[in-house]
Amino acid sequence: MKAKIAMNKKAALVVLAVFAVTGCQANSKDQLFATSASQVQLRSFQTRAFDTTDSENTLRTVIATLQDLGFVVDKADLDLGTVSATKLDGYLLRMTVSVRPRGETQLLVRANANYQQQAVEEAGPYQQFFTALEKAMFLEAQEVS
Amino acid sequence: MTGLRSIAGLLIAGVLIAGCQQGIPKEALQLTPQTLSDRQMQTRKFETRDEKLLLQASAGLLQDTGFNIDESETSLGVIVGSKDRDAMETGQVVMAVILAGLFGVYTPIDDEQKIRASIVTRGYGDEDTPSYTSVRVTFQRIVWDTQGKINKVQRLNEPKMYQEFFDRLSKAVFLEARGI
């Protein structure tokens, strides 16, 4: 009887350990659209409006800011208005920044970042990025709700 | 026994809470006091408004130094290149051999690396005012060990690399301007 209880305990520990390592993921394909923050909240973290319509200059300033932050550019496309870059510093941080018009007088800049194998879904890192960007733009980064 | 068990329990609880998740470091997207000196080291100004000439010279220099060009967008002044090279260093090999001889253990050592470079040009000043074009380059690399695992991911930030790059770029610009 005692041996049986010990066995059960061991089995429970193994199951616990397996959960600890894998989390509760049942199907790894679910990662395709998985996010933890809400879509609206995420957009507000990741997006700022600038009072300019010069998307080329804005993209060039985004690239310069990414370089200041230690990134190497992966890809840039003026027509699409996107820039992707990677930072390697003992970790892997990948960022895509897109620029598109908002009304007649503004541009929307949206950034999204992946740290190692996870989406960055906290407000803090994006706030830091936009603080760096607004310094380089000489324009205020306005929150969009 | 109880002691051991409670330690194991604590460990498991710790792993459960933390999972394998490690958040993004606080300073990852922050400008630091070093930002300005890095920028100066990685940038040179050229007294020309001919951004295209500088991009062509940069592409030529990447080819001179064995890089392949992965990506380019001239209208934003961007060229991206990379090369795969041997990453084995004598010091590491010697250590691995000594460890194998003394303790019979196999130590993986650096084997291969991918070096990446992005070059970005930007013009300053209006049509009439005296103006210049800047060139900024940044390097980084990924190193795999002999077991095929990623061993290092880092930026390459040694001043002499950038010094050499710009010495060569000046020559490349000179050659390009003369159509050689």
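The values are calculated or read from the model by the stated rules, or taken from the named source; none is laboratory data. It should be emphasised that the depicted structure is a prediction, and the values quoted were computed from it without experimental measurement. Methodologically, a virtual Cβ is constructed for each residue, glycine included, from the backbone with ideal geometry; neighbour enumeration extends over all protein chains shown.
Criterion first (in a strand (DSSP E or B), in contact with a helix residue (DSSP H, G or I) (Cβ under 7 Å, 6 or more places away or on another chain), within 21 Å of B:Pro25 (Cα to Cα) and at the interface with another protein chain (Cβ under 7 Å from one of its Cβ atoms)) does A:Val73 satisfy it? Lay out the reasoning, then the answer.
Numbers: in a strand (DSSP E or B): yes; in contact with a helix residue (DSSP H, G or I) (Cβ under 7 Å, 6 or more places away or on another chain): yes; within 21 Å of B:Pro25 (Cα to Cα): yes; at the interface with another protein chain (Cβ under 7 Å from one of its Cβ atoms): yes.
Yes; evaluated as a whole, the condition is true for this residue.
Every residue, every condition in (1) in a loop (DSSP other than H, G, I, E, B); (2) more than 21 Å from B:Gln42 (Cβ to Cβ), yes or no:
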| residue | (1), (2) |
| --- | --- |
| A:Thr52 | yes, yes |
| A:Arg60 | no, no |
| A:Thr86 | no, no |
| A:Asn114 | no, yes |
| A:Pro125 | no, yes |
| A:Leu133 | no, no |
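Working only within segment A:40-52, note down all residues that are out of contact with any helix residue (DSSP H, G or I) (no Cβ under 8 Å at 6 or more places or on another chain) and modelled with pLDDT under 95.
Residues of segment A:40-52 out of contact with any helix residue (DSSP H, G or I) (no Cβ under 8 Å at 6 or more places or on another chain): A:40-44, A:47, A:49, A:51.
Residues satisfying the conditions are A:Val40, A:Gln41, A:Leu42, A:Arg43, A:Ser44.
Any residue in segment B:88-109 that is within 28 Å of B:Asn68 (Cα to Cα) and under 14 Å from the mean Cα position of the chain (by Cα)?
No.
Kindly provide the set of residues from segment A:79-111 that are within 12 Å of another protein chain (Cβ to nearest Cβ), surrounded by 15 or more Cβ atoms within 10 Å (Cβ to Cβ), within 27 Å of A:Asp54 (Cβ to Cβ) and not basic (Lys, Arg), ordered by number.
Quick first cut of segment A:79-111, residues within 12 Å of another protein chain (Cβ to nearest Cβ) only: A:79-95, A:97, A:99, A:111.
From what is left, the residues that are surrounded by 15 or more Cβ atoms within 10 Å (Cβ to Cβ) are A:81-89, A:92-95, A:97, A:99, A:111.
So of that shortlist, the ones also within 27 Å of A:Asp54 (Cβ to Cβ) come out as A:81-87, A:94-95, A:97, A:99, A:111.
Result: A:Gly81, A:Thr82, A:Val83, A:Ser84, A:Ala85, A:Thr86, A:Met95, A:Val97, A:Val99, A:Ala111.
Need a quick list: strands (runs of 3 or more DSSP E) entirely within segment B:17-108 having at least 1 residues that are charged (D, E, K, R) and free of Cβ contacts under 8 Å to residues at least 40 places away in the same chain. Spell out the reasoning first.
Values: elements: B:43-46, B:68-73, B:78-86.
Because the criterion is at least 1 residues that are charged (D, E, K, R) and free of Cβ contacts under 8 Å to residues at least 40 places away in the same chain, the strands (runs of 3 or more DSSP E) in segment B:17-108 that meet it are B:68-73, B:78-86.
If we scan segment B:133-143, do we find a residue that is loosely packed, with under 14 Cβ neighbours inside 10 Å, under 29 Å from B:Gln56 (Cα atoms) and not aliphatic (A, V, I, L, M)?
If we filter segment B:133-143 for residues that are loosely packed, with under 14 Cβ neighbours inside 10 Å, which is where we start, we get none.
No, segment B:133-143 has no match at all.
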